[in-house]
Amino acid sequence: MMDAMIVPLLVTTDLPPDSDVAEFGELVAGAVRTLQRGDVAYPGHLRGKTFWLDPPTPPADGDGPAPPAEELRFAAVLGFLSAAVPHEAAHDGPPGAAGDGRGDRVRRVVADARAAISAAVSARYGDLGSPPAVMGIRADDVRERTPESAITAETAEPVPELAAAARSYL
């Protein structure tokens, strides 16, 4: 038995300055394709937009020192994560147990997404000083705070029902 959930999601992290922000979005979307809770794996799908939160560092104009080449840039993905949460992964205890509400299930899905995204970012970019921030947010924040110039990021080869659910929210 599976419960489908839609979770508005924000992912932010620092990236090396020469990173491709579109590649970062694809990495995040791919990381959530299979989520894990203990021994139980379940499918996920992210449809969102990726963008830089800070402008590129301007080159030195000759009047001052050049910015450090290793200075990190702040990137973000805003979108909707749909997940087909198996009953076993949705709860820490039996159905009806305390802590069995939607809020608890959302927190668990976000925690599973955080683990998958952190592992993928670390594997791709190495140690950036801190793991990505991955948090559930309000659906209105996704719609209102995503810049028009943001680049679409979507999980490849998703479960069709999950893709349709996430697409309807954007």
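Only residues that are open to solvent by less than 50 Å² (accessible area, probe 1.4 Å), β-branched (V, I, T) and over 26 Å from W52 (Cβ atoms): list them for the range 149-167, please. It would help to see each step written out before you state the result.
In the first step, residues of the range 149-167 are kept if they are open to solvent by less than 50 Å² (accessible area, probe 1.4 Å); the result is 150, 153, 155, 158, 162-163, 165-166.
In the following step, the residues that additionally are β-branched (V, I, T) were identified as 155.
Listed by number, the list is empty, since nothing qualifies.
Go through (1) over 18 Å from F24 (Cβ atoms); (2) under 14 Å from the mean Cα position of the chain (by Cα) one by one and return the number of the condition T155 breaks.
Evaluating T155 over (1) over 18 Å from F24 (Cβ atoms); (2) under 14 Å from the mean Cα position of the chain (by Cα) leaves (1) as the failure.
In the range 120-148, which residue that is loosely packed, with under 13 Cβ neighbours inside 10 Å and assigned to a helix (DSSP H, G or I) is modelled with the highest pLDDT? Let's see the steps before the verdict.
Filtering the range 120-148 for residues loosely packed, with under 13 Cβ neighbours inside 10 Å gives 123, 126-127, 129-130, 138, 140-141, 144, 147-148.
Within this subset, residues satisfying the condition of being assigned to a helix (DSSP H, G or I) are 123, 140-141, 144.
On the way: A123: 96, D140: 93, D141: 93, E144: 93.
This residue is A123.
Given (1) loosely packed, with under 13 Cβ neighbours inside 10 Å; (2) modelled with pLDDT of 90 or more; (3) among the basic types (K, R), identify the lone condition not met by R102.
So the condition that R102 fails would be (2).
Which pairs have Cβ atoms under 7 Å, sit 6 or more apart or on different chains, and link a residue in the range 142-157 that is in contact (Cβ under 8 Å) with a residue 24 or more places away in the chain to one that is of a type in the set (S, T, N, Q)?
A150/T50; I151/T50; A153/T50
Filter the range 20-44 down to the residues that are small (G, A, S) and either buried (at least 19 other Cβ atoms within 10 Å of the Cβ) or assigned to a loop (DSSP other than H, G, I, E, B) (or both) and list them by number.
G25, A29, A31, G38, G44
Taking into account only those residues within the range 1-18 that are surrounded by fewer than 17 Cβ atoms within 10 Å (Cβ to Cβ) and touching a residue at least 60 places away in the same chain (Cβ under 8 Å), which is farthest from R108 (Cα to Cα)?
P16
Mind checking which pairs have a first residue in the range 99-128 that is closer than 11 Å to L27 by Cα and charged (D, E, K, R) and a second that is modelled with pLDDT of 90 or more and open to solvent by 50 Å² or more (accessible area, probe 1.4 Å), Cβ under 9 Å, 6 or more apart or different chains?
Matching pairs, first to second residue: R124/E23.
Report whether or not R107 is over 17 Å from T50 (Cα atoms), surrounded by 14 or more Cβ atoms within 10 Å (Cβ to Cβ) and modelled with pLDDT of 80 or more.
yes
The values are calculated or read from the model by the stated rules, or taken from the named source; none is laboratory data. For clarity, every value in this text was computed on a predicted model and none was experimentally measured. Glycine gets a Cβ as well: all are built from the backbone with ideal geometry, and neighbour counts include every protein chain shown. Only protein heavy atoms, including side chains, enter the accessible area calculation; ligands, DNA and RNA are left aside. Shrake-Rupley method; radii C 1.70, N 1.55, O 1.52, S 1.80 Å.
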